[in-house]
1. Taking into account only those residues within region 90-117 that are farther than 21 Å from LEU148 by Cβ and among the polar types (S, T, N, Q), which is modelled with the highest pLDDT?
2. Give the residues of region 60-88 that are outside any strand (DSSP E or B) and at pLDDT 90 or above, sorted by residue number.
3. Among the residues of region 190-232, write down those that are aliphatic (A, V, I, L, M), assigned to a helix (DSSP H, G or I) and either touching a Lys or Arg at 6+ places or on another chain (Cβ under 8 Å) or over 13 Å from HIS257 (Cβ atoms) (or both).
4. For region 257-272, check the following and say yes or no: at least one residue is part of a loop (DSSP other than H, G, I, E, B), among the aliphatic types (A, V, I, L, M), over 30 Å from ILE6 (Cα atoms) and in contact (Cβ under 8 Å) with a residue 60 or more places away in the chain.
5. Just to check your reading of the model, which residue among GLY103, GLY41, GLY32, GLY49 is part of a loop (DSSP other than H, G, I, E, B) and either under 30 Å from HIS167 (Cβ atoms) or open to solvent by 30 Å² or more (accessible area, probe 1.4 Å) (or both)?
6. Looking at HIS158, HIS197, which is the one that is over 26 Å from ALA247 (Cα atoms) and either surrounded by 23 or more Cβ atoms within 10 Å (Cβ to Cβ) or hydroxyl-bearing (Ser, Thr, Tyr) (or both)?
7. Looking at (1) assigned to a loop (DSSP other than H, G, I, E, B); (2) closer than 19 Å to LEU47 by Cβ, which one does ARG92 not meet, given that it meets all the others?
8. Restricting the search to region 1-14, which residues are closer than 19 Å to GLU298 by Cα and open to solvent by less than 70 Å² (accessible area, probe 1.4 Å)?
Amino acid sequence: MKEIFIKDLRKDQEVTEFFMVKMAAVKTGSNGKQYLDITLGDKTGELTGKKWDVSDGEYPALVDIKEKDIVKIKGIITEWAGQLQFRVQRIRKANENDGQQIGDFVKAAPEDPQEMYDFIFDTAQNLSDGDLRELCVRLLTENKERLLYYPAASKNHHAQLGGLLYHTKRMLMTGMRVCEVYTNLNRDLVLTGVILHDMEKLNEIDADTDGIASGYSFEGQMLGHLIQGVKLVDRMALEMGMDREKAIMLEHMILSHHYEPEFGSPKKPLFPEAEVLHYLDILDARMFDMQTALEATEPGEFSDRVWTLDNRRLYKSVNI
């Protein structure tokens with residue numbers, strides 16, 4: 001049984017434990033010597049690691065270590081560039097006699113996938129606009145099987161089993177409350193934008209039923225989920241005979257929700273519901289990353305640097 005989780009690791013700690021491999025490669029350093037570059041994971045997080053000076057005798061076993069393998073590692077936790085890192089001394093693949101359970105190594109959303117799906121589906125069914133209701137219900141129904149396990153990302157926020165549902169549900173909950181404050185917003189349009197905005201991650205990201213992303217599809221790499229989402233809505237709107245203005249506004253919401261060209265959006269939001277969608281998305285992503293970082297931080301201490309938050313180190317209060 002796994003006893004030490006990544007969130008509990010501390011600098012200078014000696015560790016002998018099982019982890020799941022997220023990435024592994026034997027590389028050659030500037031000194032001409034080979035080393036193992038590895039990213040380890042369990043249900044509480046991820047940690048990079050290095051095994052320096054790989055010998056010729058070690059090489060065959062190390063290159064045989066692949067993504068999703070469970071490995072037993074002995075080493076010391078060090079710090080590099082403000083973040084913890086595993087200095088690996090010994091490593092081997094786990095075997096059946098080790099008795100490890102996959103549930104210890106897969107990050108999952110904290111809510112039941114079926115319950116999250118039901119919340120989102122009920123929201124779609126209760127939309128007043130018939131076109132928006134039909135579009136959302138159809139997409140949710142056709143994609144239900146994958147939605148129950150798909151992550152919302154390959155590495156960053158909500159990269160976990162059921163992560164796409166969790167991200168969408170929390171955005172819906174926040175969006176409902178925002179519409180109570182800003183009564184000029186079209187509630188149906190905001191909620192539809194939330195349901196649709198990341199739907200094509202199902203076809204952008206390659207992921208298995210364990211919620212672990214293995215990479216990106218060919219179309220995902222060439223187009224990305226924003227363009228894929230626009231294509232999807234455009235096709236379905238034509239099939240449904242949806243009003244063209246309404247369809248284009250939905251497509252614009254998907255296209256603009258990353259806000260900046262460097263993040264994939266060629267247009268910034270041009271109406272209030274599209275603007276709100278962007279901030280609902282970024283708010284949930286940042287709150288997720290902050291919560292994840294602080295869960296691994298002791299009260300009164302600062303977290304490791306969080307790359308997705310501009311390398312900030314977050315403070316965890318003692319009394320608040």
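1. Filtering first and then ranking leaves ASN95.
2. Within region 60-88, the subset outside any strand (DSSP E or B) is 60-69, 81-82.
Residues satisfying the conditions are PRO60, ALA61, LEU62, VAL63, ASP64, ILE65, LYS66, ASP69.
3. Kept after step one, since they are aliphatic (A, V, I, L, M), are these residues of region 190-232: 190-191, 194-196, 199, 202, 205, 207, 212-213, 222-223, 226-227, 230, 232.
When the remaining residues are screened for being assigned to a helix (DSSP H, G or I), the result is 190-191, 194-196, 202, 222, 226-227, 230, 232.
LEU191, LEU202, MET222, LEU232 - these are the residues of region 190-232 that are aliphatic (A, V, I, L, M), assigned to a helix (DSSP H, G or I) and either touching a Lys or Arg at 6+ places or on another chain (Cβ under 8 Å) or over 13 Å from HIS257 (Cβ atoms) (or both).
4. No: zero hits.
5. Working: GLY103 fails: part of a loop (DSSP other than H, G, I, E, B); GLY41 fails: part of a loop (DSSP other than H, G, I, E, B); GLY49 fails: part of a loop (DSSP other than H, G, I, E, B).
Result of the check over GLY103, GLY41, GLY32, GLY49: GLY32.
6. Values: HIS197 fails: over 26 Å from ALA247 (Cα atoms).
Sole residue among the options that is over 26 Å from ALA247 (Cα atoms) and either surrounded by 23 or more Cβ atoms within 10 Å (Cβ to Cβ) or hydroxyl-bearing (Ser, Thr, Tyr) (or both): HIS158.
7. Result: ARG92 fails condition (1) only.
8. Correct list: ILE4, PHE5, ILE6, ASP8, LEU9, GLN13.
The values are calculated or read from the model by the stated rules, or taken from the named source; none is laboratory data. Everything numeric in this text was worked out from a predicted model, so none of it was measured. Positions of Cβ are generated from backbone atoms using ideal geometry, with glycine treated the same way; all protein chains shown enter the neighbour counts. These accessible areas exclude ligands, DNA and RNA; they are computed on the full protein's heavy atoms, side chains included. Shrake-Rupley method; radii C 1.70, N 1.55, O 1.52, S 1.80 Å.
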